[in-house]
Structures are given as structure tokens and as C-alpha cells.
1. For residues that are in contact with a strand residue (DSSP E or B) (Cβ under 7 Å, 6 or more places away or on another chain), among the small types (Gly, Ala, Ser) and closer than 19 Å to Leu217 by Cα, scanning just the stretch 240-295, find the one that is surrounded by the most Cβ atoms within 10 Å (Cβ to Cβ).
2. Residues that are at pLDDT 80 or above: find the helices (runs of 4 or more DSSP H) completely inside the stretch 1-94 holding 1 or more of those.
3. Within the stretch 1-23, track down each residue that is exposed (fewer than 13 other Cβ atoms within 10 Å of the Cβ) and either farther than 16 Å from Leu58 by Cα or β-branched (Val, Ile, Thr) (or both).
4. For the stretch 150-159, name all the residues that are more than 17 Å from Ala85 (Cβ to Cβ) and either at pLDDT 80 or above or of a type in the set (Asp, Glu) (or both).
5. Within the stretch 174-213, work out how many residues are surrounded by 18 or more Cβ atoms within 10 Å (Cβ to Cβ) and polar (S, T, N, Q).
6. Which one of Thr272, Thr243 is among the β-branched types (Val, Ile, Thr), at pLDDT 90 or above and under 28 Å from the mean Cα position of the chain (by Cα)?
7. Just to be sure, is Val133 touching a Cys at 6+ places or on another chain (Cβ under 9 Å), at pLDDT 90 or above and more than 30 Å from Arg36 (Cα to Cα)?
8. For the stretch 393-416, enumerate the residues that are under 21 Å from Ser39 (Cα atoms), of a type outside the set (Phe, Trp, Tyr) and not in a helix (DSSP H, G or I).
Amino acid sequence: MQNFHEGSHHVTLVPMLVATKAPSIDFQVNALPEDRLFSPICCNASSLGNTIKRVLDLQTGTENVIDISHWEGGGYKPTPTIIEATLALYNGHSVANISRRDASIKNLSHTSASVAEIVKKSKANSEKSIVIVTGVPGAGKTLVGLDIATTHIDPRDELYSVFLSGNGPLVKILQEALARDKVTRSAEAGQKIKKGKAISEVKAFIQNVHHFRDEGLEDLIKPPVEHVALFDEAQRAWSKDQTVKFMREKKNRPDFSQSEPEFLILCMDRHTDWATIVCLVGGGQEINTGEAGISEWFEAIEKSFPYWKIYLSDRLTDSEYGAGKIINQAKKNAMVEFIPNLHLQTSARSFRSEKVSLFVKQLLDLAAGSARENLQSIQENYPIILTRDIDCAKNWLRQKARGSERYGMLVSSQAYRLKPYSIDIRAKTNPVHWFLNGKTGPFVEINGKE
């Protein structure tokens, strides 16, 4: 209720288990919890009235008075995990059916509709086009990509599309989740399908971008089966120098001379009729060594594929997109069309505060004053704690986690000094288990079995 019921976001919630004939259990609470959410209180028939009174006595002032009509009228505002959303989309739902009924979902629907219209237009006019979708962290860019991909998932459809990501763990998790769901649904329908076959089928829908690239290398003439390719986190595609180095050292191709964006566009350009590339570009993130930024896609089109149409938002100006002077350059290009709906400004991921992504951006931009001011406005509902004591951090997380809420640890790939704390970054982990097997595991495999 606290997270997903609009009327309960800012009120005190006291879950109570009333077993009328149970023995009495002493109720020891002297202050309101920081997040205004009590742990469940056990009481019986004789202690119920006194328990309610003691809870009410803890609250003072009119700020805790509930407007009953407002509370009852509060809507259900769930924000699904990326796994839940992918399953829903894969099984025929749209973004309008799986997320909140507010500004964020309207933005998602409008953006998906705009991209779908461009795909339709490109096919009808036998055109080749590239669409750049930008947005703040958690705005739903990945959902937009998955929505478009699942709309045309049937290989018999000429709009057959593929969702591509360089995020290897994400790809594995989504593939496994979809495969498990397919096996379960088939069993419920009285049909048996082996998990291996299910995984093979979903791999045609979600792929690692590097596998897509390697297939393009095997045959330099044959076009991919997909007419629509959606690249998640497209700003992380490799620059020319990084790609040439990789091809020379890892693929034994010393004559390779293109950036990753240019080669990926070339693969789609092999279609003789039409093709659409959708670049999903996240802001509020640093560009790592060897990553080209979104400017590489734009420059590759202008340099080698001037007959491709370009669709983007005029919001492609912030420094974190690595865009530089793209907007001014684009305004001079007759093949460019600006569509405001291609930018997602509202975060759909953070249901507690829309300002969290802004805080992250301010930190990365080293805007200390703005970040400090913003932190004060989100601290109550979105606690951000700093500590150098790892045991303190673990205990804090365990105490704060409610019900089935998950918690974990994110460490640097260079954090070798954490080994004395039993955190060895060289140890191979399987993120699929952590994300899909629930809070109690299992989390490891022995001889291929969980």
C-alpha cells in the first residue's frame, strides 16, 4: 500500500494480525518508524483496542489526519520490474496495460506510438530510417524498445524485429525469464515444451548486440532476418578505434575500418527495401573508454548512409548523451525530423521520487550545490546513506527490507581490496539466479543443477 497505493504514500500504516484467542504479546513501540510503516503487530481480542489507542497516541498534529475521500479515491499505481514488464509485453500486453496511469505511462505510450508510426511509414515508403529515443534513467526507454519488438515478434511478419543489448546479464535474465514463462504456460495449456527449445525461441527476440554483430560478420552480403533492430543503451556502442582494435585482436580481421554503429547500420542497410534502427539512449551516465556516444551513430549516417532518414528529439542537448553539436548539425540536414515525443522526461522506475534520477545526474555533473539541495527533498522517502563499515551497511539493508523486498551489493570491477571481506570480484556469478529465484534462492549451480 505504501509503495503502490496513491492515498497511502504519505500516511502512517500499521498492519495488525488479530488472532482473537491467541495469547497476549507485549507491544513495544515508543516512536513512529522513519518510513511510517510499522512492522506487523500481533494482538488478540482483549488487546486490540489498547493497541490501536497506543498507535494513535504516537501521532501528533494535523499532518497525520487522513482525508478519507482522498484515501479511498487513491489509484493503484504499480511500477513493474523490467522482468515483469517483459513477460507482460511478450504475452501480448502494451505499455499502457502494465504500468502506472500517470504522466510517465502517457509518455511511454506516446513515444511507443511515435516509433511505431515511423516503422509503419518506413515500410510503406520503402525507406530506411534511424530513430533516436532519449530519456532520463528509469524513464522507460527499454520498455519502449521491448514494446516495439514484441509488437512484431512473428517471424512470418515482414516487420519481424529484434531487441539488442550490450548488457549481457540483462539479456540472460530476460531470456531465462521468458523461457521459464513459456514452459509454464505451455504446461498449463496441456502442452509440453522443453526449456532448451523455449530459450531458442526467445533468443530470436532478445539478443546480445555482439552476437548480432558477429552474425553480420559471417556473411557480408546477406541481410539480417529482422527489418527492425532496437539497440538498448546505444550510446555505449564502440568507437572506431575500439572496434578496429577488437576486430584485429579478437576476430583476426586486420582490415576492419568501421565503428560499431557504422557496421551495425551497414548490416541493416543490406535490406533492399526498407529497415528501421531504434537507438535507445540513456542520460545521467558516464561514457566509458571506447564508447562512442550517440554522436557516432549520427555521424555514421551522415558520412556513409545519407539516404537514411533520421528522427530524434530536440532535447538531445545534455552533455551526458555525448551529443556535442548534433542538434545544430541536424537542423541543417534535410533528412532529419524532430519529434518531441522521442524524449522521455519522467522517470517511471522510481515510484518514491521522480527527483532521484535528477540527483544522480547532478552528482555526475559535479553540481554539488544542486545535488545537496535535491538530496534534502528526497531523503525522507528515498534514504541515501554513506558508511565505511560494510557490516553496518549490511545490517542497515536487512533491517530496512520489507517482506519480499530484495537487496544486494554493487562494487567496482577493480575493488580487489574487498577480498578480505569475502567479496572477490574475480569470482564468476550468475545474475539469473539472483533475479529470478526469489529471496531464498537457490543462487548457485553444481554440475549444471541448481
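The values are calculated or read from the model by the stated rules, or taken from the named source; none is laboratory data. What you see is a predicted model; the values in this text were computed from it and never measured. Don't worry about glycine lacking a Cβ; one is built from the backbone with ideal geometry, like all the others, and counts go over all protein chains shown.
1. Ala275
2. Hits in the stretch 1-94: 48-57, 68-73.
3. Leu17, Ala19, Thr20, Lys21, Pro23
4. Across the stretch 150-159, the qualifying residues are Asp154, Asp157, Glu158.
5. 3
6. Of Thr272, Thr243, the one residue that is among the β-branched types (Val, Ile, Thr), at pLDDT 90 or above and under 28 Å from the mean Cα position of the chain (by Cα) is Thr243.
7. Working: touching a Cys at 6+ places or on another chain (Cβ under 9 Å): yes; at pLDDT 90 or above: yes; more than 30 Å from Arg36 (Cα to Cα): yes.
Here the answer is yes, as Val133 does meet what is asked.
8. Ala401, Arg402, Gly403, Ser404, Glu405, Arg406
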